[in-house]
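Engineer: Below is one structure. I have some questions about it.
The values are calculated or read from the model by the stated rules, or taken from the named source; none is laboratory data. Predicted, not measured: the structure shown is a model, and the values here were computed from it. Neighbour counts are summed over all protein chains in view; Cβ atoms, including those assigned to glycine, are modelled from backbone coordinates with ideal geometry.
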Amino acid sequence: MSPSTSSADSAAAGAAQRRHEVWDDLQAVARPDSRFHLRFSAFIPDFDGSDEATERLLAHLQVSAAAASTMGATPHLMVTPDNSLTGLRQSLIEAGCSLVVPSYNLARGFRHFAPGAVPPALARYAAWLDGVEHFGAPVSLSGLAALGRFDAVVTGSSAVALSGVRFGRGHGYFDLEWRLFAELGLVDERTPVATLVHDLQVLERPLMASPDDVPVDLIATPTRMLSVSRPHTRPRRMDWALVDEDMVAAIPPLAELQRSLGLAPPQAQAAHPPVAHRSPASQACVAATRMPARFPKSPSVPHPQPPGA
């Protein structure tokens, strides 16, 4: 077993333990989902105080219709479909931003909300998962590339450490989305990445990072706005060694990226030996079938040190 494999396995095991600890605490403040109730392995829940956290993040990113008018540019963001980000998606739609939202588990690729595409009275519905499917226009990877670089990326989290290391449901979809965007040149080290969580989802103890992790720069909670120093760089390319034909079949953007790069289709690769190791995040994924200078920084928090350091 290689050192990187061992590190990835250790990070996954630690995240799994912390994930379940946070889920137990989250029961008290989480808002049940209409489909999944409080089964947090299936979704990242909305929570009491998410409106306050949303306001903090919007104020920090200076995203509003008035700000967009002043800057003379339309903010272009990617926001994951998590329940905790429903209010944020609504606010961005109402502000006339350009918004990209992945479909649930990436099963139907991505949806795009062009500025003004949703009647104001329907913005709340459009922000829900079903509304994203109804109002968002399907967009291919080539369509995403034509839209240009993201000004910011926002994701939900099951928990996040003060170091910026986060984890979601354990399926690795956000990390996969990041690699897809990186291949298209839509994100890089300069792209602000934020997460919006309840205060009890912020871990004082450090989380071990794996090479697949995409750490965040900003943490918005109902009571505070934190800027963190990331412990390592983010992935820059798609790691095809972690992708198999099952994933390609389940996630259309992967198949599109393969075709655009001129890679052999999965059927032509069937005669090759299987990958010796697939990361835990990839296993779960299969099972669950213009950078602007306008974003200011929050006061930095010190990087936490491991006990005994």
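Engineer: Could you give every pair whose Cβ atoms fall below 7 Å, whose first residue belongs to the range 202-217 and is small (Gly, Ala, Ser) and modelled with pLDDT under 85, and whose second residue is in a loop (DSSP other than H, G, I, E, B) and surrounded by fewer than 23 Cβ atoms within 10 Å (Cβ to Cβ), counting only separations of at least 6 or pairs across chains?
Structural biologist: The qualifying pairs are ALA209/PRO215; ALA209/PRO231; ALA209/HIS232.
Engineer: Anything in the range 51-75 that is modelled with pLDDT of 85 or more and either crowded, with 21+ Cβ neighbours inside 10 Å or assigned to a helix (DSSP H, G or I) (or both)? List them, or say none.
Structural biologist: Answer for the range 51-75, where residues must be modelled with pLDDT of 85 or more and either crowded, with 21+ Cβ neighbours inside 10 Å or assigned to a helix (DSSP H, G or I) (or both): ASP51, GLU52, ALA53, THR54, GLU55, ARG56, LEU57, LEU58, ALA59, HIS60, LEU61, PRO75.
Engineer: Out of the range 1-50, which residues are in a helix (DSSP H, G or I), within 17 Å of ARG169 (Cα to Cα) and modelled with pLDDT of 70 or more?
Structural biologist: Scanning the range 1-50 gives ALA16, GLN17, ARG18, ARG19, HIS20, GLU21, VAL22, TRP23, ASP24, ASP25, LEU26.
Engineer: Against the definition (over 30 Å from ARG56 (Cα atoms), at pLDDT below 50 and not in a helix (DSSP H, G or I)), how does ALA271 come out, yes or no?
Structural biologist: Judged against the criteria, ALA271 is a match.
Engineer: If I filter the range 144-152 for residues that are surrounded by fewer than 22 Cβ atoms within 10 Å (Cβ to Cβ), touching a Phe, Trp or Tyr at 6+ places or on another chain (Cβ under 8 Å) and more than 16 Å from LEU242 (Cβ to Cβ), do I get at least one hit?
Structural biologist: Yes; the residues of the range 144-152 include at least one that is surrounded by fewer than 22 Cβ atoms within 10 Å (Cβ to Cβ), touching a Phe, Trp or Tyr at 6+ places or on another chain (Cβ under 8 Å) and more than 16 Å from LEU242 (Cβ to Cβ).
Engineer: Out of the range 187-204, which residues are closer than 21 Å to TRP23 by Cα and hydrophobic (A, V, I, L, M, F, W, C)? Can you show your working first?
Structural biologist: Within the range 187-204, the first condition is being closer than 21 Å to TRP23 by Cα, and the residues that meet it are 194-204.
Result: ALA194, LEU196, VAL197, LEU200, VAL202, LEU203.
Engineer: ARG190 passes all but one of (1) of a type outside the set (Asp, Glu); (2) surrounded by 21 or more Cβ atoms within 10 Å (Cβ to Cβ); (3) under 21 Å from VAL101 (Cα atoms); which number fails?
Structural biologist: (2)
Engineer: Also, quick follow-up: From the list VAL100, VAL118, which residue is at pLDDT 95 or above and assigned to a loop (DSSP other than H, G, I, E, B)?
Structural biologist: The match here is VAL118.
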